[in-house]
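Student: Sharing a structure below in structure tokens format, with a few things to ask.
The values are calculated or read from the model by the stated rules, or taken from the named source; none is laboratory data. Please read all numbers here as calculations on a predicted model, not as lab measurements. Note that we place each Cβ from the backbone using ideal geometry, even for glycine, and neighbour counts take in every protein chain shown. Areas reflect the complete protein model, heavy atoms only, side chains present, ligands, DNA and RNA absent. Shrake-Rupley method; radii C 1.70, N 1.55, O 1.52, S 1.80 Å.
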Amino acid sequence: LAQSLFALFASSLAISLVFAIIPLCHNVVVLAVVMAVAGLAMGCIDTISNMQLVKIYQKDSAIFLQALHFFVGFGALLSPLIADPFLSDTNCILSNSTANASSNLPHIRKSLVPHHPGNLSHYDLPMKGMVVTRVSYAFWIMALINLPVPIAVFFLLYKERMVPCFNSSSHPLLSADELAMETRPAEKDDLSTTVQRPHAAGGHDDLFSCCQSKNFRGASYTYFAVHITGALVLFMTDGIVGEYSGFIYSYAVEEPLSVVHKVAGYLPSLFWGFITLGRLISIPVSYRMKPATMVFINVVGVLISFLLLLIFSHSVVFLFVGTASLGLFLSSTFPSMLAYTEDILQYKGCATTVLVTGAGIGEMVLQLLVGSIIHDQGSYSFLVCGMIFGGLAFTFYAFLLFFHRMYPKPSSDLDDASPAKPAVTDDTGQYQR
């Protein structure tokens, strides 16, 4: 926990520093390095936060994972609203010839998305002159908004006596059994976890213990198959999130829909808005419904949404309806898959890293792939690609269900462990299930 909190502190502080530095970067190589640091920090935060929630709350982690990813979606929806007032409606670079007529020029973000991207010769965009932009303020505001996060993490480290210089002057925020929710009575469905805990504890010695080869010795092929198929499902579904939010605007303004630019600009916001709404709805739903059922509903819903989008591809109204439906079904796929996979593997924590990595790779690769296909085959291929990715996600999920059935159940001595048996304490006095 101490290693994770220190990593979260360093990563969240790095993000604030990066956002403060970005407006000062006047060289594209320096900007690329700074953005790489930001991506590394965000990847650390994503992996560690998911892994620690699974590790702490175990069978109850589904609810907390849904809450975590609701705030991810909420941030993605809110940050463009913070930046929008600082984005110019005119060309940001004024030369002597365009200084007086700049108010009639469309913003560069709109003028570079014409109906025929190959023909840009008629756009006279000056590249030298006085820079007129206030976008730097948006980055500095985001840096300030993020600053309370590393402060809060440091406060938690301080209260938990994990800061070397201040480990004797504070009282713990929560006792160990309260933090791990170990004070409630053991339930019958937790008995398998009770017996498995001593063997699983070796996977939690430190932050990087999942990478140690000793954890793979004697593991069956289904152990690796569950990791791979779970990662492939998220590779497809998170890839769909990335490519749909990235190209739905370009698809809408092209023929046959030819939606006006301003109306098409609402589609990505609608998509992220329903992702956020779906994650909010999933918090109470995950309390009643199993993660496996939620993932099944999600992948089937994504497949049906793309099918209907293809059937009604000439309807602007259904484009908005399908976008909202797709965002709703994709919303809880990641946290539900994470909870389901860790449940299969008895919460050893290693699956979280594999799944987060698979999702990140999918979001990167599928955007590049779909962009290349749209450029060569036209805008209609955008929905065809989404349909194929949705079908692959459903196929990989079916394989995951198969490997779940094949995966060996934990060896539980139910005769020795009864519901009335009190909680066992280890040599440090901490409760174990």
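Student: In segment 272-317, how many residues are among the small types (Gly, Ala, Ser) and farther than 15 Å from SER61 by Cβ?
Tutor: 6
Student: Something else about it: Give me a count of the residues in segment 248-291 that are over 18 Å from HIS314 (Cβ atoms), assigned to a helix (DSSP H, G or I) and among the hydrophobic types (A, V, I, L, M, F, W, C).
Tutor: Selection size over segment 248-291: 10.
Student: Select from segment 399-433 the residues that are open to solvent by less than 50 Å² (accessible area, probe 1.4 Å) and modelled with pLDDT of 60 or more and list them in ascending order.
Tutor: LEU400, PHE403, TYR407, PRO410
Student: Inside segment 334-368, can you point out the residues that are at pLDDT 85 or above, in contact with an Asp or Glu (Cβ under 8 Å, 6 or more places away or on another chain) and either among the hydroxyl-bearing types (Ser, Thr, Tyr) or open to solvent by 60 Å² or more (accessible area, probe 1.4 Å) (or both)?
Tutor: GLU363, GLN367
Student: State yes or no: is SER313 more than 15 Å from the chain's Cα centre (by Cα), in the same structural domain as PHE271 (by the TED database) and part of a helix (DSSP H, G or I)?
Tutor: no
Student: Quick one: LEU309 ticks every box in (1) in contact (Cβ under 8 Å) with a residue 40 or more places away in the chain; (2) open to solvent by 20 Å² or more (accessible area, probe 1.4 Å) bar one, so which box is it?
Tutor: The single condition LEU309 does not satisfy is (2).
Student: Scanning for something modelled with pLDDT of 55 or more and under 24 Å from the mean Cα position of the chain (by Cα), does segment 130-139 turn up at least one residue?
Tutor: Checked segment 130-139: at least one residue is modelled with pLDDT of 55 or more and under 24 Å from the mean Cα position of the chain (by Cα).
Student: While we're here: Select from segment 22-50 the residues that are under 22 Å from ALA76 (Cβ atoms) and open to solvent by 40 Å² or more (accessible area, probe 1.4 Å) and list them in ascending order.
Tutor: Filtering segment 22-50 down to residues under 22 Å from ALA76 (Cβ atoms) leaves 22-23, 31, 34-50.
Within segment 22-50, LEU31, MET35, ALA36, VAL37, GLY39, LEU40, MET42, CYS44, ILE45, ASP46 meet the criteria.
Student: Could you check segment 51-70 and list, in sequence order, the residues that are open to solvent by 50 Å² or more (accessible area, probe 1.4 Å) and either touching a Gly at 6+ places or on another chain (Cβ under 9 Å) or assigned by the TED database to the domain that holds TYR347 (or both)?
Tutor: Selection gives LYS55 alone.
Student: Hey, another quick one. Test ALA393 against the stated conditions and say whether it is open to solvent by less than 10 Å² (accessible area, probe 1.4 Å), at pLDDT 90 or above and either within 21 Å of ILE297 (Cα to Cα) or among the acidic types (Asp, Glu) (or both).
Tutor: Yes: the conditions hold for ALA393.
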